[in-house]
Amino acid sequence: MASVFSSLHESLQQVLGQRLDWSELREVQEQSYAAVSAGNDVLVIAPTAGGKSEAALIPVMDDILKHGRAGVTCLYISPLKALINDQEERFAAFCTPTSLSVKKWHGDVPKGDRSWTGEPPHFLMITPESLEVLLQERTLSADLRQVRFIIIDELHAFVETDRGVQLKVLLDRMDTIAGRIIQRIGLSATTGNPDEILHWLSDDRHGAALVAVPAPPRTKRFSFLIEPEEGKRIDAIAGIAGGRKALVFVNSRSSAENLAKALHGRVRNLHIHHSSLSAEMRKSAEDAFLSQDGACIICTSTL
């Protein structure tokens, strides 16, 4: 039986071979390719670093390359601007060598860059809120009629939320704009109700397929520290996060500011990330975290 890898467009094979040293796909990517190629809506469930992004990207790229599709062929929708920033480089590393274009569009992108002249990008990476704004742009929104695929990252973050209602309305609007059923590919971490989430995604419009590849068993370690006294709590955080690459989540912007102030000088390469900060400051924190040295970021749900 021929492998999926050998059937991919030649330029896509070259990118996978040169960038990742792959000569075959992982199981989750093989199954996802088959499900997407069959025309289904697909929910891909795999653990962090389990290859979900590639599982969605590979069949979409292969379709674009083999059919010579032009314009905005795929929307990538994310609940977080930071996730789009993180994924942009990954998508570009796959797409640019094959002459496919990628563009991100969200509130932190300078207004002058939230547009295109001439040929639209093949992949448009966007938040639901920015997509709603884009749909009001008469000229640019006309280019969305060519969309054939919509990839929704962190799908579980939308289900049964107000943003999820907004997203479902936008997905239905996209079907109307395109004049056909657009394939939806949802990406999610392990969840206890995958069939319900798949139904939420596909809504019985046409075929739907679940791709769920369990992570190999391995030892996991969790540590819990409950400290009611604030001073000791800060000491504990400094001890745990000091010298490490760490994300410290808090419930509010004021909590983030206060904790960052208390840890100043005690934790190396300390950054802060919340919605009231400038886009430049947030991007600086994200870049520091992804750098070789890493960083400690005090953050709210923006990360």
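The values are calculated or read from the model by the stated rules, or taken from the named source; none is laboratory data. All values derive from a computational prediction rather than experimental measurement. Please note: Cβ atoms are built from the backbone with ideal geometry, for glycine as well, and neighbour counts cover all protein chains shown. Accessible surface areas use protein heavy atoms only, side chains included; no ligands, DNA or RNA. Shrake-Rupley method; radii C 1.70, N 1.55, O 1.52, S 1.80 Å.
Does VAL60 satisfy the condition of being touching a Cys at 6+ places or on another chain (Cβ under 7 Å), under 24 Å from GLU119 (Cβ atoms) and open to solvent by less than 20 Å² (accessible area, probe 1.4 Å)? Against the criterion (touching a Cys at 6+ places or on another chain (Cβ under 7 Å), under 24 Å from GLU119 (Cβ atoms) and open to solvent by less than 20 Å² (accessible area, probe 1.4 Å)), VAL60 qualifies.
In region 27-43, the residues that are touching a residue at least 12 places away in the same chain (Cβ under 8 Å) and among the charged types (D, E, K, R) reach residues that are in a helix (DSSP H, G or I) and open to solvent by less than 10 Å² (accessible area, probe 1.4 Å) with C-beta atoms within less than 7 angstrom, at least six apart or across chains, in these pairs: ASP41/LEU201; ASP41/SER202. What are the residues in region 251-275 that are under 22 Å from the mean Cα position of the chain (by Cα) and assigned to a loop (DSSP other than H, G, I, E, B), if any? Selection gives HIS274, SER275.
Of all residues in region 178-194, those satisfying the criterion of being open to solvent by less than 10 Å² (accessible area, probe 1.4 Å) and within 25 Å of ALA49 (Cβ to Cβ) are ARG184, ILE185, GLY186, LEU187, SER188.
Per the listing LEU140, LEU167, the residue uniquely closer than 14 Å to LEU75 by Cβ and either in a loop (DSSP other than H, G, I, E, B) or in contact (Cβ under 8 Å) with a residue 40 or more places away in the chain (or both) is LEU167. When region 276-294 is filtered for residues that are free of Cβ contacts under 8 Å to residues at least 60 places away in the same chain and outside any loop (DSSP other than H, G, I, E, B), the ones remaining, listed by number, are GLU280, MET281, SER284, ALA285, ASP287, ALA288, PHE289.
In region 34-57, of all residues being of a type in the set (Ser, Thr, Tyr) and farther than 13 Å from ARG184 by Cα, the one that is least open to solvent (accessible area, probe 1.4 Å) corresponds to SER53. For residues that are aliphatic (A, V, I, L, M) and either closer than 18 Å to PHE94 by Cα or at pLDDT below 95 (or both), tally how many sit in region 1-44. Residues that pass the stated criteria total 10. When region 172-192 is filtered for residues that are of a type outside the set (Val, Ile, Thr), part of a loop (DSSP other than H, G, I, E, B) and modelled with pLDDT of 90 or more, the ones remaining, listed by number, are GLY179, ARG180. Of the residues making up region 251-275, those that are open to solvent by 80 Å² or more (accessible area, probe 1.4 Å) and touching a Lys or Arg at 6+ places or on another chain (Cβ under 6 Å) number 0. Taken as a whole, region 4-17 holds at least one residue that is surrounded by fewer than 23 Cβ atoms within 10 Å (Cβ to Cβ), among the β-branched types (Val, Ile, Thr) and more than 21 Å from the chain's Cα centre (by Cα).
Do the conditions hold for VAL248, that is, is it assigned to a loop (DSSP other than H, G, I, E, B), in contact with a helix residue (DSSP H, G or I) (Cβ under 8 Å, 6 or more places away or on another chain) and either surrounded by 15 or more Cβ atoms within 10 Å (Cβ to Cβ) or of a type in the set (S, T, N, Q) (or both)? Criteria not met by VAL248. Taking the criterion of being exposed (fewer than 15 other Cβ atoms within 10 Å of the Cβ) and over 21 Å from the mean Cα position of the chain (by Cα), the only residue of region 164-177 that qualifies is THR176. For LYS104, the test of being surrounded by 23 or more Cβ atoms within 10 Å (Cβ to Cβ), of a type in the set (Lys, Arg) and in contact (Cβ under 8 Å) with a residue 12 or more places away in the chain is passed. From the list ILE234, ILE297, ILE197, exactly one residue is in contact with a His (Cβ under 7 Å, 6 or more places away or on another chain), in a helix (DSSP H, G or I), of a type in the set (A, V, I, L, M) and open to solvent by less than 40 Å² (accessible area, probe 1.4 Å). Which is it? Unique residue meeting the criteria: ILE197.
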